[in-house]
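The values are calculated or read from the model by the stated rules, or taken from the named source; none is laboratory data. Note that the coordinates shown come from a computational prediction; the quantities given were computed from them, not determined experimentally. Note that we place each Cβ from the backbone using ideal geometry, even for glycine, and neighbour counts take in every protein chain shown. The accessibility values were calculated without ligands, DNA or RNA, using every heavy atom of the protein model including side chains. Shrake-Rupley method; radii C 1.70, N 1.55, O 1.52, S 1.80 Å.
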There are 2 protein chains.
Amino acid sequence: MRPITAIGFDADDTLWQNEQYYRLTERHFQKLLGDFGDGADISARLLEAEKRNLGYYGFGIKGFTLSMIETAIEVTDGNVPSRTIGEILDIGRELLRHPVEALPHVEETLRSLNGHYLLVLITKGDLFDQERKLAQSGLGDFFDAVEIVSDKTATTYRRIFQKLADGPERAMMVGNSLKSDIVPAIAAGSWGVYVPHALTWVLEHVDAPTEAPRFRKIENLGELQRVLTEVMAV
Amino acid sequence: MRPITAIGFDADDTLWQNEQYYRLTERHFQKLLGDFGDGADISARLLEAEKRNLGYYGFGIKGFTLSMIETAIEVTDGNVPSRTIGEILDIGRELLRHPVEALPHVEETLRSLNGHYLLVLITKGDLFDQERKLAQSGLGDFFDAVEIVSDKTATTYRRIFQKLADGPERAMMVGNSLKSDIVPAIAAGSWGVYVPHALTWVLEHVDAPTEAPRFRKIENLGELQRVLTEVMAV
């Protein structure tokens with residue numbers, strides 16, 4: 001029996017750049033409000049708004065835009081010009097059409113695994129936006145299934161790998177977020193392969209489960225085949 | 001061979017009230033801008049913004065809120081007070097927590113069909129919001145699968161009924177939107193059962209395909225069993 005038959009991949013900052021576009025938008029947002037406070041303070045207020053709104057908006061750019069608008073009202077004590085609100089709407093829409101470019105080694109890795117493992121894209125965020133990015137990435141054909149979910153917990157991984165594959169124990173999850181991709185996948189009984197990205201949203205930070213026997217860390221997706229060879233030989 | 005083995009159900013205004021909460025929010029929005037135009041004009045401008053933004057935001061409350069903010073800036077020629085923008089954010093969040101109440105005959109119908117057909121909830125809108133409503137409705141256990149999609153086309157129905165059931169020809173779709181639920185399902189080769197709702201969003205209006213042999217119309221979900229009995233006897 002093959003120890004692993006399915007591999008799940010996170011999308012944002014695992015397959016393509018994402019966070020860097022959020023950071024650029026946030027810097028633009030800081031500048032728009034430059035008269036009302038320094039950048040670090042504005043970003044801190046924005047993060048507070050995002051946390052507060054997570055239970056309403058979930059993850060994604062539309063909720064981020066709404067939180068920017070709320071923050072603009074707050075930091076200006078209600079004196080934000082409506083022109084600035086209009087500009088926030090504009091930078092939110094720009095973020096919704098940022099270019100999608102596969103990270104190094106992604107395409108060749110997916111191509112070589114395709115047909116040998118069941119490949120599942122597992123991502124959270126706005127449904128509509130994630131579908132756009134997958135279409136533009138040109139990577140869609142490598143995946144046997146796409147799961148866009150509202151949150152990533154152990155239950156999420158258990159459900160997906162049970163439904164589509166041979167259960168979580170024979171599955172591996174690959175991603176750049178310890179909190180969303182690795183820790184819950186390992187809790188579900190799967191392997192978790194951590195591919196760090198230089199930029200990761202602060203709300204995704206947790207400690208690496210370095211003691212877990214099914215935890216691995218690689219530098220880029222080009223090293224995934226090596227991990228698979230090792231694990232498959234166990 | 002049973003002619004039908006799977007039934008898809010739309011959610012908003014088919015299983016529970018939805019549009020009425022949008023209408024209430026829109027009336028509230030009209031009042032907030034009462035100094036800058038009459039209600040009908042404000043709603044017309046809002047609809048224009050929604051259409052224009054559909055390609056960016058898709059369907060759902062977060063995009064609706066962003067379009068309300070944009071419209072507020074527009075109809076006031078950039079003079080909307082930021083207090084009003086804050087109130088628009090508030091009514092958008094209120095809409096995101098509107099109560100979820102099953103429409104008449106929904107629960108008993110789903111209960112009686114459960115186990116006899118593969119039941120699939122097929123809905124569009126914000127992923128996070130649709131999951132909340134399904135959880136609050138208490139109807140989740142009646143469904144074998146839930147598909148939250150960004151748009152509903154013939155391809156959508158073909159893909160879903162192929163993947164989960166015995167193909168579109170042996171499936172039936174039930175919903176209140178001719179444009180999203182009925183016409184594309186029939187185009188995919190499925191049966192389409194139209195359950196009109198008094199309130200349906202203007203962008204969902206198209207003519208009923210009354211000539212199509214697989215089109216049926218019922219007054220409420222309590223009549224679905226009768227249609228099934230008729231179709232199953234063919």
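Measure off, as a whole percent, the carbon and sulfur share of the 1.4 Å-probe accessible area of chain B, all protein chains present. Kindly include the intermediate steps, with their values, before the conclusion.
Values: 4980 of 9960 Å².
Exposed carbon and sulfur together represent 50 percent of the surface.
Tell me which residues come under 5 Å, amide H to amide H, from A:Lys217 once H is placed; ignore anything under 5 positions away on its chain.
A:Tyr194
Name the residue farthest towards the positive end of the dipole of the protein assembly as shown from the options B:Thr5, A:Gln225, A:Ala212, assuming +1 on Cβ of Lys and Arg, -1 on Cβ of Asp and Glu, about the Cα centre.
Result: B:Thr5, furthest along the dipole toward the positive end.
Compare B:Arg132, B:Arg226, A:Arg214 by solvent-accessible area with a 1.4 Å probe and give them largest first, with all protein chains kept in place.
Numbers: B:Arg132 45, B:Arg226 135, A:Arg214 75 Å².
From most accessible down to least: B:Arg226, A:Arg214, B:Arg132.
Using Cα-Cα distances under 8 Å and only pairs 6 or more residues apart, what relative contact order does segment A:19-95 have, in percent?
36
Computed from the mean reciprocal separation of all distinct C-alpha pairs, what Kirkwood hydrodynamic radius does segment B:1-109 have, in Å?
On the way: mean 1/r = 0.0641 Å⁻¹.
So the Kirkwood estimate lands at 15.6 Å.
Of the GluC sites (Glu not before Pro) in segment A:31-119, which ones lie in a loop per DSSP and count no more than 14 other C-beta atoms within 10 Å? Write down the numbers at each step before the final one.
On the way: sites: A:Glu48, A:Glu50, A:Glu70, A:Glu74, A:Glu87, A:Glu94, A:Glu101, A:Glu107, A:Glu108; in loops: A:Glu101.
Those that pass, being in a loop and sparsely packed, are A:Glu101.
Sort shortest first the distances from B:Phe36 to its counterpart in every other copy, using label points 7 Å along the Cα-to-beta-carbon line, and give them in nm.
The answer, with the shortest distance listed first, is 1.7 nm.
Amide H to amide H under 5 Å from A:Met172: which residues, 5+ apart in sequence or cross-chain, H placed 1.01 Å off N in plane?
A:Ala6, A:Ile7, A:Gly8, A:Trp191
Could you give the distance between the Cα centres of segment A:189-234 and segment A:77-101, to the whole Å?
The distance from the Cα centre of segment A:189-234 to that of segment A:77-101 comes to 35 Å.
What does the charge count near A:Val227 come to, summing +1 for each Lys or Arg and -1 for each Asp or Glu among other residues with Cβ under 12 Å from its Cβ? Let's see the in-between values first.
Details: positive: A:Arg214, A:Arg216, A:Lys217, A:Arg226; negative: A:Glu219, A:Glu223, A:Glu230.
Around A:Val227, the surrounding residues sum to +1.
Search the structure for amide H atoms under 5 Å from the amide H of A:Ala102, placed 1.01 Å from N in the peptide plane, and list their residues when 5 or more places away or on another chain.
Here the answer is none, since no amide H 5 or more places off falls under 5 Å of that of A:Ala102.
Can you compute the charge dipole magnitude of the protein assembly as shown about its Cα centre, using +1 on each Lys and Arg Cβ and -1 on each Asp and Glu Cβ, nothing else charged? Give it in debye, rounded to the nearest 20. Display every interim value, and only then the final one.
Numbers: 50 positive and 70 negative charges, 234 e Å.
Its charge dipole is roughly 1120 debye.
Residue by residue, what Karplus-based ³J(HN,Hα) values in Hz, rounded to whole numbers, does segment B:170-177 have, using 6.51, -1.76 and 1.60 with θ = phi - 60° and x for Gly and Pro?
Coupling constants for segment B:170-177: 9, 10, 10, 10, 10, x, 9, 10 Hz.
Taking R0 as 45 Å, what FRET efficiency do you get between A:Gln17 and B:Glu230 from their Cβ-Cβ distance, rounded to the nearest 0.05? The partial results should precede the final answer.
Working: r = 55 Å, r/R0 = 1.21.
According to the calculation, E is roughly 0.25.
When the helices in chain B are scored as -39500 (n - 2.57) per DSSP H run of 4 or longer and the sum is shared across all residues, what 222 nm value do you end up with, to the nearest 500 deg cm²/dmol?
On the way: 9 runs with 106 residues, N = 234.
Computed ellipticity for chain B at 222 nm equals -14000 deg cm²/dmol.
Past 18 Å, Cα to Cα: identify those pairs from A:Lys124/A:Lys179; B:Lys133/B:Lys179; A:Lys133/A:Lys179; A:Lys62/B:Lys124; A:Lys51/B:Lys62, in the order given. Could the numbers behind the result be given before it?
On the way: A:Lys124/A:Lys179 13 Å; B:Lys133/B:Lys179 22 Å; A:Lys133/A:Lys179 22 Å; A:Lys62/B:Lys124 16 Å; A:Lys51/B:Lys62 16 Å.
Beyond 18 Å between Cα atoms: B:Lys133/B:Lys179; A:Lys133/A:Lys179.
Quote the FRET efficiency, to the nearest 0.05, computed for B:Gln136 versus B:Glu108 with a Förster distance R0 of 25 Å and r equal to the Cβ-Cβ distance.
Details: r = 19 Å, r/R0 = 0.75.
Plugging the Cβ-Cβ distance into 1/(1 + (r/R0)^6) gives 0.85.
Over chain A, what is the relative contact order in whole percent, taking alpha-carbon pairs under 8 Å and six or more residues apart? Don't skip to the end; give the middle numbers.
Working: 347 pairs, mean separation 58.8, N = 234.
25 percent.
How high is the relative contact order of segment A:150-234, given as a whole-number percent (alpha carbon pairs under 8 Å, six or more residues apart)? Present the calculation step by step, with values, prior to reporting the outcome.
On the way: 124 pairs, mean separation 20.3, N = 85.
Across segment A:150-234, relative contact order equals 24 percent.
Projected area of the protein assembly as shown, taken from the Cα convex hull and averaged over every viewing direction, in nm²?
On the way: hull surface 93.2 nm².
If you wrap the Cα atoms of the protein assembly as shown in a convex hull and average its projections, you get 23.3 nm².
Give the accessible surface of the protein assembly as shown per residue, rounded to a whole number of Å², with probe radius 1.4 Å and ligands, DNA and RNA excluded. Let's see the in-between values first.
Values: 19920 Å² over 468 residues.
Each residue of the protein assembly as shown exposes 43 Å² on average to a 1.4 Å probe.
Taking the dipole about the Cα centre of chain B, with the C-beta of Lys and Arg at +1 and of Asp and Glu at -1, give me whichever of B:Val202, B:Met173, B:Asn53 is farthest to the positive side.
Of the listed residues, the answer is B:Met173.
Taking a point 7 Å out from Cα toward Cβ as the label site, list the nm distances between B:Arg159 and the same residue in every other copy, smallest first.
List, nearest first: 1.9 nm.
I need the inter-copy label distances for B:Leu199: point set 7 Å along Cα to C-beta, values in nm with one decimal, smallest first.
Spelled out, the distances from B:Leu199's label point are 4.1 nm.
Put B:His205, B:His197 in order of accessible area, largest first, 1.4 Å probe: what do you get?
Values: B:His205 115, B:His197 35 Å².
Largest accessible area first, the residues go B:His205, B:His197.
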